[in-house]
Amino acid sequence: MSKNLKISELRWYLNRLKKMPMREIPYRLKQALLKRIDKYFPPYSPRLLKETTDSIWEQFDDGLEWLKEIPELLPLDMELLIGEAEDIIRHEFEVFGIKANFGNPINFYLDPKTGRTWPIKFWGDINHRDGQTIGGIKFAWELNRLHHWPKLAIAYSLTGDKRYLIEIFDQLKHWIMTNPYPKGINWISGIELGIRVVNLFYSLKLIGRKHLKQLNLEQKNNILKFVSLHGHHLYRYPSKYSSCANHALAEALGLFIAGLAFPCLKEAIKWKSYGKRVLEREVLRQIYPDGSSFEHTTAYLQFVADHFLVYYLICKEYREPIDQNVSERLKTVCNFISSIIDIKGNIPLIGDEDDGYLLRLWFGKHNNFLSLLNTGAILFNRPEWVHPAAFFDFKTLLLLGSSAKPKWEELRSQKAWCRRPIYFNNAGLAVISHSKSGKEILFIGNSGALGLKLLGGHGHADALSFWLSVGGQPFFIDPGTYLYHSGGKWRRFFRSTAAHNTIEIDSKDQAEQISDFIFEDFYKIQHVQWIEKDDTIFWGAEHDGYCRLSDPVIHRREVIYLKKHYLFRICDILKCRKKHEVAMFFHLHPMVSVKKQGDNTYLLSSDSATLVLIVDKRLQPQVFYGSESPLMGWYSPGFNRLEKTNTLVFRGNINSDVHFQTEVRIL
């Protein structure tokens with residue numbers, strides 16, 4: 001390890017320690033001790049109960065036999081399905097937009113972006129936060145989530161081609177052999193283990209009991225060994241305290257399934273009990289009463305919601321008691337999503353977005369927000385959640401069964417989709433919705449928190465930013481995330497204040513970034529106002545992020561929407577006593593063109609609509625398009641994806657209280 005890497009790692013530990021509550025330190029010390037024990041003493045061996053394990057295969061249903069009998073239910077192209085299954089057979093995978101062959105047998109340690117391979121050594125000795133030496137750890141972890149196993153199970157069930165079934169269990173054997181517990185990157189993070197257990201479980205469900213009972217003894221033992229090793233590790237190293245966020249859900253769901261579906265394993269009872277306890281505690285913590293994510297990120301909301309959806313469905317299937325709060329919070333999630341998703345299924349990328357999913361039960365294009373609305377509409381009989389742009393998706397079919405499609409079609413026929421202006425108190429999001437000549441106008445203002453305290457891990461410094469879509473085309477956007485550990489300057493940029501449609505003071509972020517997933521201080525959002533009248537809607541809020549400066553600055557933003565004129569008036573109020581540099585940012589979608597019309601006046605056009613942006617003339621304009629110095633004019637629609645786009649920046653100086661006026665008119 002280089003000297004710079006050692007210093008970087010030490011700095012990370014110091015920053016992390018600084019953010020820990022005192023009660024967390026004994027827990028961290030205990031985990032450190034357990035790591036030393038696991039490194040130097042004989043590894044854990046799977047333990048079975050004495051009674052026969054053959055009965056466990058009886059619990060699984062008949063796979064997709066029902067779907068073969070009703071082929072008209074299948075909402076996908078069989079050629080697409082078989083094509084992807086054949087790619088998997090050849091060990092050709094697409095990871096975050098990178099197509100790569102992972103070798104024969106599969107190299108589960110390969111980073112497909114850099115071509116480098118992670119070492120096979122004790123998991124606690126691997127610095128996975130070093131995104132430069134080998135690459136960003138997510139690129140190697142993604143394949144190890146085993147999302148492709150349920151796809152092979154689907155292909156086998158629908159075609160009867162045994163190559164797909166054999167491939168699953170050949171890969172299972174090879175995975176166990178090349179990830180000898182406790183060595184390798186695939187034992188580092190509990191979220192990865194939990195997701196693997198879920199994907200193995202659904203693979204077995206999709207294969208069905210008839211074919212599972214025909215597996216040979218080695219294949220059955222490999223399933224149990226895989227589950228046992230994962231259950232043991234998840235129970236031994238749970239995420240707690242400042243780490244207790246979405247990772248804890250994947251860990252808990254993995255433990256619950258391991259204990260529920262594999263009762264022959266000696267530790268099954270405590271795994272199931274612990275997993276259930278965590279899930280039913282966290283549903284009230286991680287999903288706010290208004291349906292938003294407590295991490296203040298839209299992308300992670302779908303990820304979290306899928307965990308509770310799967311937990312809910314499994315409990316129903318196994319007749320397992322379940323707290324009513326789970327279904328109630330799932331309903332609030334659907335209400336929230338239906339309010340912030342535009343008419344064509346676009347959603348603002350607030351906070352981090354890493355293309356992370358619990359299950360990838362689809363082939364080709366998929367919108368998981370629309371899928372959640374589909375599934376929720378059917379489960380809870382809510383026709384208003386069936387989105388006009390939605391189609392009946394394969395994931396919903398597999399989760400809910402043969403009765404799902406006719407029920408969805410009946411709900412859709414009611415055309416009950418509706419939207420109204422609303423302020424979400426927990427999320428801090430102001431939703432202004434209207435229409436002009438049949439084209440939807442959807443504005444979302446952000447007066448939400450920085451992220452989850454104490455770290456702000458997946459939050460961005462985006463206070464008082466906004467997103468605007470017209471006719472299903474986003475105009476003003478949140479540029480996204482792009483990369484995590486390997487991002488370097490890109491990671492800092494996409495989390496920064498300058499990467500959002502808000503105001504930056506003295507070239508500083510509203511909150512200082514001290515690592516890839518830690519902010520120094522949290523700003524406070526205060527004096528929020530939301531007023532609805534017949535002809536106008538008003539949203540206002542302020543933050544104190546710049547009060548840390550030697551001369552404190554308060555930024556207040558007030559937005560009034562004039563319905564009759566299809567006009568947004570934005571007033572930015574800055575309060576200070578001394579000189580400061582001000583920068584105001586407007587990030588545009590790549591499909592939006594820019595044409596200057598006059599002083600600080602711009603015509604913004606797309607195929608769906610045209611807008612006029614007029615900015616206070618005291619500010620000096622600049623237009624950036626894919627600039628690397630400074631970083632500006634970029635859009636990341638998904639993890640590891642980067643596109644050039646236009647960003648308008650307006651700069652000026654202030655030395656006392658000032659009001660800046662901006663207008664956005666929909667033509």
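The values are calculated or read from the model by the stated rules, or taken from the named source; none is laboratory data. Because the structure is a prediction, the values reported are computed rather than measured. A quick note on method: Cβ atoms are made from the backbone with ideal geometry, for glycine too, and the neighbour counts reach across all protein chains shown. Please note that ligands, DNA and RNA were not included when accessible areas were found on the heavy atoms of the full protein model with its side chains. Shrake-Rupley method; radii C 1.70, N 1.55, O 1.52, S 1.80 Å.
A 1.4 Å probe run over the protein chains yields, for region 215-303, 29 Å² of accessible area per residue, whole-number rounding. Share of carbon and sulfur in the accessible area of region 389-486 stands at 49%, probe radius 1.4 Å. Shape class for region 566-641, computed from the alpha carbon gyration tensor (a ≥ b ≥ c): oblate, with a/c not under 1.5 and a/b at or below b/c. The distance between label points at Lys575 and Asp87 comes to 5.5 nm (points 7 Å beyond Cα on the Cα→Cβ vector). Close amide H pairs (under 5 Å, H built 1.01 Å from N) link Ile554 with Lys575, residues at least 5 positions away or on another chain. Solvent exposure of region 437-539 amounts to 30 Å² per residue of accessible area, where only protein heavy atoms count and the probe is 1.4 Å.
Site pair Lys644 and Lys99 shows an inter-label distance of 2.4 nm when each label is modelled 7 Å from Cα along Cα→Cβ. Relative to the current alpha-carbon distance between Asp607 and Glu410, full extension at 0.36 nm per residue lengthens the span by 67.7 nm. Shape class for region 15-142, computed from the alpha carbon gyration tensor (a ≥ b ≥ c): oblate, with a/c not under 1.5 and a/b at or below b/c.
When the solvent-accessible area of region 254-331 is split by element, carbon and sulfur atoms take up 51 percent of it, the probe being 1.4 Å. List the residues of region 195-237 whose backbone N lies under 11 Å from a point placed 7 Å from the Cα of Ser55 along the Cα-to-Cβ direction. Of the residues in region 195-237, none has backbone N under 11 Å from the label point off Ser55. Counting only heavy atoms of the protein chains and using a 1.4 Å probe, Tyr318 has close to 50 Å² of accessible surface. Across the chain, the longest run free of exposed loop sites, meaning GluC sites (Glu not before Pro) lying outside DSSP classes H, G, I, E and B with no more than 14 other Cβ atoms within 10 Å, spans 52-511.
Sparsely packed loop sites in region 420-487 (the trypsin sites (Lys or Arg not before Pro) outside DSSP H, G, I, E and B with at most 16 other Cβ atoms within 10 Å) comprise Lys453. Note that region 550-564 has calculated 3J(HN,Hα) couplings of 4, 10, x, 10, 9, 10, 10, 10, 10, 10, 10, 9, 9, 4, 5 Hz, one per residue in order, obtained from phi through the Karplus relation 6.51 cos²θ - 1.76 cosθ + 1.60 (θ = phi - 60°); glycine and proline are x.
Within the shell defined by Cβ-Cβ distances under 12 Å, the residues around Phe294 carry a net charge of 0, with Lys and Arg each +1 and Asp and Glu each -1. Once both axes come from the Cα atoms, what is the angle between helix 78-89 and the longest principal axis of the chain, in degrees from 0 to 90, rounded to 10? Tilt relative to the chain: about 70 degrees.
For region 147-230, the fraction of 1.4 Å probe accessible surface lying on carbon and sulfur atoms is 54 percent.
Taking Lys and Arg as +1 and Asp and Glu as -1, the other residues whose beta-carbon sits under 10 Å from that of Gln219 total 0. In straight-distance terms, cross-link reach from Lys596 covers every one of the lysines whose alpha-carbon lies under 17 Å from its own, apart from those fewer than eight places away in the same chain; here that gives Lys617. The Phe122 and Asn221 beta-carbon pair, evaluated with R₀ = 30 Å, returns a calculated FRET efficiency of approximately 0.75.
The solvent-accessible area of Val623, taken with every protein chain present and a 1.4 Å probe, is close to 80 Å². With semi-axes defined as the square roots of five times the eigenvalues of the C-alpha gyration tensor, the equivalent ellipsoid of region 489-604 measures 27, 20, 15 Å, largest first. Amide H contacts of Asp544 (H built 1.01 Å from N, in plane; Pro and chain starts excluded): Lys524 sit under 5 Å, all sequence-distant by 5 or more or on other chains. Here's the list of lysines a cross-link from Lys489 could span, going by alpha-carbon distance under 29 Å and ignoring same-chain residues fewer than 8 apart: Lys3, Lys6, Lys18, Lys19, Lys99, Lys113, Lys138, Lys453, Lys508, Lys524, Lys579, Lys644.
When the chain is fully extended, how far beyond the present Cα-Cα distance does Leu48 get from Met78, taking 0.36 nm per residue of separation?
Gain in length upon complete extension: 6.8 nm.
In plain terms, the chain from Gln661 to Asp535 could stretch by 43.3 nm, reckoned as 0.36 nm per residue minus the Cα-Cα distance.
Between Lys436 and Ser627, the modelled labels are 2.9 nm apart [label points 7 Å from Cα along Cα→Cβ]. Mean silhouette area of the chain, derived from the convex hull of its C-alpha atoms and averaged over all directions, reads 29.5 nm². The loop-placed trypsin sites (Lys or Arg not before Pro) in region 335-382, going by DSSP, that have at most 13 neighbouring Cβ atoms within 10 Å of their Cβ come out as Lys365. With an a/c value of 1.5 or above and a/b larger than b/c for the gyration tensor axes a ≥ b ≥ c computed over the alpha-carbon atoms, region 134-210 is described as prolate. Within straight-line reach of Lys405, meaning a Cα separation under 24 Å, sit the following lysines at least 8 residues removed in sequence or on another chain: Lys68, Lys151, Lys205, Lys316, Lys331, Lys344, Lys365, Lys395, Lys415.
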